[in-house]
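The values are calculated or read from the model by the stated rules, or taken from the named source; none is laboratory data. Here the structure is a predicted model, which means the values were calculated and not measured. When we count neighbours, we look across all protein chains shown, and the Cβ atoms used for this are built from the backbone with ideal geometry, even at glycine. Areas reflect the complete protein model, heavy atoms only, side chains present, ligands, DNA and RNA absent. Shrake-Rupley method; radii C 1.70, N 1.55, O 1.52, S 1.80 Å.
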Amino acid sequence: MSQSRFDVNEQIQIPNGNAIKGQQMFEFKCSACHNFEDDKEELAAPTLKKIMGKRIGSTMFHYSKSMRNCNEIWTEKNMFLFLKDPKAFFRDTKMAQTKIANPQERADIIEFLKSL
């Protein structure tokens, strides 16, 4: 059973994203750990290569138990909520405590991820 806190019925407003700004924001906030290499077990963080639309916790990275057991897909909504506060959705996440509070920044990063 999934231990995530994603609420499929929750209504949220996601701003229109800008992939160019999202790439800049990704490089500033995410690229120290994440990259777009081919999937490998030994990466410091999961590859984000074509992550949108994949099942959460499904790459070769050694995810936390709750992420491995999650049956959700990386949708715009799930990614938008996750980036706001990763530990709010997966308390045992291995992701560094990087919260992206600004909704526009999150939308821009998502637009960039979708463009890959």
What's the total number of residues in segment 96-105 that are under 22 Å from Q11 (Cβ atoms) and either assigned to a loop (DSSP other than H, G, I, E, B) or free of Cβ contacts under 8 Å to residues at least 60 places away in the same chain (or both)? 4
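Residues are listed down the side, and each one gets a yes or a no for (1) part of a strand (DSSP E or B); (2) farther than 18 Å from F26 by Cβ; (3) at pLDDT below 95:
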| site | (1), (2), (3) |
| --- | --- |
| M67 | no, yes, yes |
| C70 | no, yes, yes |
| N78 | no, no, yes |
| L81 | no, no, yes |
| A88 | no, yes, yes |
| R91 | no, yes, yes |
| K94 | no, yes, yes |
| D108 | no, no, no |
| L113 | no, no, no |
Output the number of the condition that K21 fails; it satisfies all remaining conditions of (1) open to solvent by 80 Å² or more (accessible area, probe 1.4 Å); (2) without any contact (Cβ under 8 Å) to a residue 40 or more places away in the chain. (2)
I'd like the full set of residues that are touching a helix residue (DSSP H, G or I) at 6+ places or on another chain (Cβ under 8 Å), crowded, with 18+ Cβ neighbours inside 10 Å, free of Cβ contacts under 8 Å to residues at least 60 places away in the same chain and more than 21 Å from K21 (Cβ to Cβ), limited to segment 47-92. I56, G57
